[in-house]
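Since every read-out is calculated from the coordinates, none of them should be taken as a lab result. For clarity, every value in this text was computed on a predicted model and none was experimentally measured. All Cβ positions, even for glycine, are placed from backbone atoms using ideal geometry, and neighbour counts span all protein chains on display.
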Amino acid sequence: MNKPLRLFIAIELSQQIQQSLVDLIQQLSALSGQTVKWVEPNHLHLTLNFLGDTSPNQLPKLTASLTSVASTHTGFELSARGCGVFPNLNRPRVLWAGLSNPAELSQLQKDLEFQLMHLGFKGEGRPFSPHLTLGRVSDSANPETLKRVLLALQVQQKSDFGDVSVQKFTLFQSTLTPQGPIYTPLQRFSLLERA
């Protein structure tokens, strides 16, 4: 029997954004101890759609659909700026860096979700909120330590982490291991070149 693949679709980041966020994570992790589980530098990306467990038999239809979506979208620019937390500062669970949300990004994400739902995948069920996850707050977080981390994060609210020229999106496989997830790019889908 074919083992399901845990899949997601994402936009990879520029070296500039990645390095800026790695610097920020290193700065914050010096304050956090075990309070926050930080994202590995090579795991930083913008998730467009999480597919979850997917039968390998679905891959041909899936990649055909993703190719079709890519062929109707033109490349665009994204900027990474500012920081915040989900759901809010009183109950922080996820620490993130913000992203601009140009119309092209929103439309690409909507079109992907529409195609995926036609293939039987569940929709997100909540509005798309582009962000880059930096870390997740531990269930056993020390309140004082967490307060220090959140104050340091708030200082970065107006920071500019760089830009990325989005020319493609990637289908990733996520393999869960005791050491953390391993992300493997399965296929990249090129967008149309801008005129």
Next on the checklist: Need one number: % antiparallel among DSSP beta bridges in the chain, to the nearest 5.
Outcome noted: 95 percent
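To the nearest 20 debye, what charge dipole does the chain have about its Cα centre, counting +1 at the Cβ of each Lys and Arg and -1 at the Cβ of each Asp and Glu?
That gives the chain a dipole magnitude of about 420 debye.
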Checklist entry - Among 159, 65, 55, whose mean-square fluctuation peaks in a Gaussian network model of the chain (Cα, cutoff 10 Å)? => result 55
Item to check | Farthest positive-ward along segment 20-169 dipole, Cα basis, beta-carbon charges - from 161, 50, 138 | outcome: 138
Checklist entry - So how many Lys-Lys pairs in the chain land under 24 Å Cα to Cα, not counting same-chain pairs under 8 apart? => result 11
Next on the checklist: From the phi angles alone, apply the Karplus equation (6.51, -1.76, 1.60; θ = phi - 60°) to segment 56-67 and give each ³J(HN,Hα) in whole Hz, x where the residue is Gly or Pro.
Outcome noted: x, 5, 7, 4, x, 5, 4, 5, 5, 5, 5, 4
Item to check | Globularity index of the chain, i.e. its alpha-carbon radius of gyration over 2.2 N^0.38 Å | outcome: 1.07
Checklist entry - Stretched out fully, how many nm does the piece from residue 86 to residue 67 gain, at 0.36 nm a residue minus the Cα gap? => result 3.6 nm
Checklist outcome for this item: Among segment 19-49, those whose backbone N falls under 19 Å of a label point 7 Å along Cα→Cβ from residue 177 are 38-45
Checklist outcome for this item: For segment 16-25, Karplus-derived ³J(HN,Hα) couplings (6.51, -1.76, 1.60; θ = phi - 60°; whole Hz; x for glycine and proline) come out as 4, 5, 4, 5, 4, 6, 4, 4, 5, 4
Checklist entry - Looking only at 171, 151, 21, which one moves most when the chain is put into a Gaussian network model with springs between Cα atoms under 10 Å? => result 151
Next on the checklist: Amide H of residue 134 versus every other amide H placed in the peptide plane: which residues, excluding those fewer than 5 positions away on the same chain, fall under 5 Å?
Outcome noted: 95, 96, 97
